[in-house]
Amino acid sequence: MIKLILRLVLNALCLYALDYFFPTISFSITGLVIGAVALMLLNGIVKPILNILAIPLKIFTMGLFSFVIDVLILWVILTYVPGASMGSILELIIGGILLSIVNSVLSAVLGL
């Protein structure tokens, strides 16, 4: 239970950092909470399924396709979560890559 709450708080902090550093990506307070829950659910349920389906593409791109999956997950959050908005595709791509790196580092360090 503590790991679940810690993952939720860290996802909220990652989304807040994206909101802070990128001017066209914005979250309201409720959008930040809903986005953190959605990010946790998408990373826990949808991402493993997409990773299995994308094995041939990951082999072909030597693992770089996992960044595309993370960008797609961030796009879903920014599109469908109320209170979240995006303005630039370039910032979405950079934000998705940064979110992927931060989640990978946190998973490795904290064992989440």
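Key figures
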| quantity | calculated |
| --- | --- |
| Residues of region 15-35 that turn out to be assigned to a helix (DSSP H, G or I), surrounded by 16 or more Cβ atoms within 10 Å (Cβ to Cβ) and either small (Gly, Ala, Ser) or in contact with a Pro (Cβ under 8 Å, 6 or more places away or on another chain) (or both), as a count | 3 |
| Members of region 69-96 that are aliphatic (A, V, I, L, M), in a helix (DSSP H, G or I), more than 11 Å from LEU18 (Cβ to Cβ) and touching a residue at least 12 places away in the same chain (Cβ under 8 Å) | ILE69, VAL71, LEU72, ILE73, VAL76, ILE93 |
| Qualifying residues in region 51-62 (those that are more than 15 Å from ASN103 (Cβ to Cβ) and not aliphatic (A, V, I, L, M)) - the one surrounded by the most Cβ atoms within 10 Å (Cβ to Cβ) | LYS58 |
| Residue identified as crowded, with 16+ Cβ neighbours inside 10 Å, among the hydrophobic types (A, V, I, L, M, F, W, C) and without any contact (Cβ under 8 Å) to a residue 40 or more places away in the chain among ALA12, ALA38 | ALA12 |
| In region 2-30, residue nearest to the chain's Cα centre (by Cα) [restricted to those that are among the aliphatic types (A, V, I, L, M) and under 14 Å from VAL81 (Cβ atoms)] | LEU15 |
| Index of the failed condition, MET62 passing every other in (1) part of a loop (DSSP other than H, G, I, E, B); (2) in contact (Cβ under 8 Å) with a residue 12 or more places away in the chain; (3) of a type outside the set (Phe, Trp, Tyr) | (2) |
| Scope region 71-112; condition within 11 Å of the chain's Cα centre (by Cα), surrounded by 14 or more Cβ atoms within 10 Å (Cβ to Cβ) and of a type in the set (Gly, Ala, Ser); matching residues | GLY95, GLY96, SER100 |
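Read the figures in this text as sums done on the coordinates, not as results from a lab. Treat the numbers as computed from the prediction; the structure is a model and nothing was measured. FYI the Cβ positions are ideal-geometry reconstructions off the backbone, even for glycines, and counts take in every protein chain you see.
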